[in-house]
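Following: one structure in structure tokens, then a few remarks.
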Amino acid sequence: HGFYVNKSTDTKFDPREADNAPAHCHDLIAVLRGACPQFAERFTAFNKSIAEKHHYEVLATAFRVSPWLQAQVPLRPNAVRGEDFLVHLSECDVSNPGASREWNDDFQTLRAMAVDTRAEALQRDRLL
């Protein structure tokens, strides 16, 4: 169990451990450091650069952030953006801005949900 460098080449797969490679490690970074001195140097420099940043800059997020995978969206002015916080979504109908939300429609929709299985019945009860 763990990581190691195998004897595979570009043309042949050989899963046995390489003779000149470091021993088994439970840490992939340790194997890569032992197998490639250039990786060890760059990884150390990378860790130093992270240590110099503010902790909010390197904070892990709950979603994957890959900005290079999507097209850049041009910024457009939005005159009402500063007032968006005044609109409470639970009290307004999102599909019809400015109109009050009709709670009876929501309630009737929930009551009409199917309850054929136990899971559907639990879901309906939670929503009600």
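Peptides 38-48, 69-79 ranked from most to least packed by the mean count of surrounding Cβ atoms within 10 Å: 38-48, 69-79.
Residues R124, R81, R111, R33, sorted by accessible area with the largest first, give R81, R111, R33, R124 [1.4 Å probe; ligands and nucleic acids excluded]. Computed with a 1.4 Å probe over protein heavy atoms only, the accessible area of Y4 comes to about 90 Å². For segment 3-12, backbone phi angles converted through the Karplus equation (6.51, -1.76, 1.60; θ = phi - 60°) give residue-by-residue couplings of 10, 7, 8, 9, 8, 5, 10, 5, 10, 9 Hz, Gly and Pro being listed as x.
The values are calculated or read from the model by the stated rules, or taken from the named source; none is laboratory data. Keep in mind that what you see is a predicted model, and the values were worked out from it rather than measured. Don't worry about glycine lacking a Cβ; one is built from the backbone with ideal geometry, like all the others, and counts go over all protein chains shown. Heavy atoms of the whole protein, side chains included, go into the accessibility calculation; ligands, DNA and RNA do not. Shrake-Rupley method; radii C 1.70, N 1.55, O 1.52, S 1.80 Å.
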